[in-house]
Amino acid sequence: MKILILCTGNSCRSQMAHGFIQAFYPDFDVHSAGTKPASQVNPKVIEVMAEAGIDISTHYPKNVDIYLYEEWDYVITVCGGANESCPNFIGKVANRLHIGFEDPSDAIGTDEYIMSEFRRIRDEINNKFENFKF
């Protein structure tokens with residue numbers, strides 16, 4: 001099973017989904033990318049994923065353009081921006097899905113509140129993909 005997770009920056013939600021799906025389904029070929037990739041994975045994402053026992057510290061944002069000509073079983077967008085600006089894939093895509101999550105990097109407030117938002121979105125992504133029927 002070959003899966004591509006898309007978001008705008010490929011620094012938060014798509015990285016969390018990538019980490020969870022790869023952990024739940026180790027035989028799957030999982031990738032993530034962004035339509036406008038950030039310069040790095042958000043450090044708070046790496047931290048909250050480590051709390052969940054998943055190491056994504058070696059992940060880095062990638063541009064979706066490098067994947068356009070490949071064949072995919074699933075292309076899943078996880079934020080509204082990527083869903084609205086998702087490029088037309090030249091390669092074969094068997095299933096296109098949009099499963100949206102709020103962007104925890106938009107949270108404003110105390111450090112404790114911001115981290116609680118990253119954990120909340122992490123847990124939502126975990127719950128969505130833990131028993132997903134691919």
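Only the coordinates and a few stated rules stand behind these numbers; no lab work does. All values derive from a computational prediction rather than experimental measurement. Glycine also receives a Cβ, built like all others from the backbone with ideal geometry; neighbour counts cover every protein chain displayed.
A few notes on this one:
- Ranked by the mean number of other Cβ atoms within 10 Å of their residues, highest first, the peptides 28-34, 54-60 fall in the order 28-34, 54-60.
- Highest mean packing comes first when the peptides 42-52, 108-118, 8-18, 61-71 are listed by Cβ atoms within 10 Å, giving 8-18, 42-52, 61-71, 108-118.
- Cβ-defined net charge surrounding Y25, 15 Å radius [Lys, Arg +1; Asp, Glu -1]: -1
- Taken over the chain, lysine pairs spaced eight or more positions apart, or on distinct chains, with alpha carbons under 25 Å apart number 15.
- Residue-wise HN-Hα coupling along the stretch 27-32, computed from phi with Karplus coefficients 6.51, -1.76, 1.60 (Hz; x: Gly, Pro): 7, 6, 9, 10, 9, 9
- When shorter helices are ignored and each DSSP H run of at least 4 residues is given -39500 (n - 2.57), the per-residue value for the chain at 222 nm works out to -11000 deg cm²/dmol.
- Cα-based helix-to-principal-axis angle, 13-24 vs the chain, degrees rounded to 10: 80
- Proximal charge balance of F101 [Cβ under 9 Å; K/R count +1, D/E count -1]: -1
- Between helix 111-130 and the chain there is an angle of about 40 degrees, using the helix long axis and the longest principal axis of the Cα atoms.
- For the pair the stretch 19-53 / the stretch 90-112, the C-alpha centres are spaced 12 Å from each other.
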